[in-house]
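The values are calculated or read from the model by the stated rules, or taken from the named source; none is laboratory data. Every value quoted in this text rests on a predicted model; they were computed, and no experiment measured them. Every residue, glycine among them, receives a Cβ derived from its backbone with ideal geometry; neighbour counts consider all protein chains shown. Ligands, DNA and RNA are excluded from the accessible area calculation, which covers all protein heavy atoms including side chains. Shrake-Rupley method; radii C 1.70, N 1.55, O 1.52, S 1.80 Å.
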Amino acid sequence: MQPVTFATLRAALATPFIWLLSRFVESEVSISQLLDGAYLKIIMLSILGITVNQLCWIHGVKFTSAVNAGIYQPLIPIYTSLICILTRKEKFNLLKFVGICVSIAGALVVLRVENLDLGSSFETTMGNLLLLGNTLGYSLYLIYQKPLLQANPYPFTYTFICFFFGGFFIFFFSLFYLEGYQDLPNAGVMSVVSVLYSGLVGTFFGHSVNIWALKHTNSSLVAIYICLQPALISLLSYIFLDEVITIRDLIGVIIIIIGLLIVIRVNFVESSSPPPSKDGYEAISDTPPNPLLQSIELREIPLSSPSSPSSSPPPPPSSSSSSTTTTYLTLSK
């Protein structure tokens, strides 16, 4: 099966299920409401997160290997964190950055980074470049979808719109490879199972959980969980393929978990700290101010001379007569 045909079928299978989920969970919002004034942003997100991401990944695997594709995936947290810091969407935190690097190191240990083929042929070099485009496109998708979710918190409807446009662009691109559709009647059982699993589990379930998490936390934290993929691959290979889990795999998984725990801890501390106020200082309390206390103000009222009449309140008794002003607490109306 042609890679672009596989990507088209994957998107076509996942999109209706994402639409059903969006209508079930977010029926109060219409698609036209979200598109209003955001056409260009959503189309760009569709191209980055769906079209570029899927086409670059599947062609990158075709021209290189599954090993190369797996090794490049941990670049997504690095790209995401760096771009968020450079564009000031997130504050730089040294401990958080260290945690991301630790998790990536663990993922590379599991993935056998020494087996990375950097370019033994022209096809391999092109495949590596496509895999870099895949990781960069998905990082930008995570980063620039976050502001849309903050403005309109409807993650599943946004995901459906992105898949609708992105899937259309993939289908348009697949028209240049019509032989891929001509081979569909001859597709074997494993090809059908692969499309079903990729469309329903990898795409529908994966993207739905991913976008839900992005709604509730920051982009870099969502991206770092990609480092868990090598650990899960090793576990599933052990269960279903009878592959052996080596000491190296266990060490890599432990390193991944340590890095994740560091990032999760830093993110928890950042999210639980009080937000800064308008003047730049941290807010002490979220309790609304008491209106009675707000009406209290300080006034300075000059003392009247004995010879001139005055309608102001008499000054309180004082042992010192040298003061020319006195301060009263008054209630403003």
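Could you give me the ³J(HN,Hα) list for segment 131-147, computed from phi with Karplus coefficients 6.51, -1.76, 1.60 and θ = phi - 60°, whole Hz, x at Gly and Pro?
Using θ = phi - 60°, the values come out as 5, 5, x, 4, 5, 5, x, 6, 4, 5, 4, 5, 6, 8, 7, 4, x Hz.
I want to check the label-to-label distance for Arg265 and Ala66. Put each point 7 Å from Cα in the C-beta direction and report it in nm to one decimal.
3.6 nm
Note the per residue figure in Å³ for the convex hull of the C-alpha positions in segment 136-242.
132 Å³
Largest first, how would Lys96, Lys62 line up by accessible area (1.4 Å probe)?
The most accessible residue leads, giving Lys62, Lys96.
Calculate the radius of gyration of the Cα atoms of segment 155-200 to one decimal place, then report Dmax, the largest Cα-Cα distance, as a whole number, both in Å.
Rg and Dmax of segment 155-200, Cα atoms, are 13.4, 38 Å.
Under a point spin-label approximation (7 Å from Cα along Cα-to-Cβ), what is the Asp36-Lys215 distance to one decimal in nm?
Going by the 7 Å Cα→Cβ label model, 2.0 nm.
For segment 1-99, treating each Cα as an identical point scatterer without solvent, what Debye log10 I(q)/I(0) comes out at q = 0.13, 0.23 1/Å?
For segment 1-99, the Cα-only Debye profile gives -0.75, -1.16.
How far is the Cα center of segment 132-152 from the Cα center of segment 229-269, in Å?
Taking the Cα centre of each part, segment 132-152 and segment 229-269 sit 25 Å apart.
At 1.4 Å probe size, put Met126, Met44 in order of accessible surface, largest to smallest.
Met44, Met126
So how much slack lies between Met126 and Val193, counting 0.36 nm per residue of separation and subtracting their Cα-Cα distance, in nm?
21.3 nm
Under 5 Å between amide hydrogens, which residues at least 5 positions from Glu243 or on another chain qualify, with H placed 1.01 Å from N in the peptide plane?
For Glu243, whose amide H was placed from the backbone, the distant partners under 5 Å are Tyr238.
Can you work out the FRET efficiency for the pair Glu179 and Lys91, with r the C-beta to C-beta distance and R0 = 51 Å, to the nearest 0.05?
In this case the efficiency is close to 0.50.
Would you mind telling me the share, in percent, of accessible area of segment 115-229 contributed by carbon and sulfur at probe 1.4 angstrom?
For segment 115-229, the apolar C and S fraction of the accessible surface comes to 71 percent.
According to a simple spin-label model (label point 7 Å from Cα along Cα-to-Cβ), what is the distance in nm between Ile257 and Ser27?
That separation, rounded to one decimal, is 4.2 nm.
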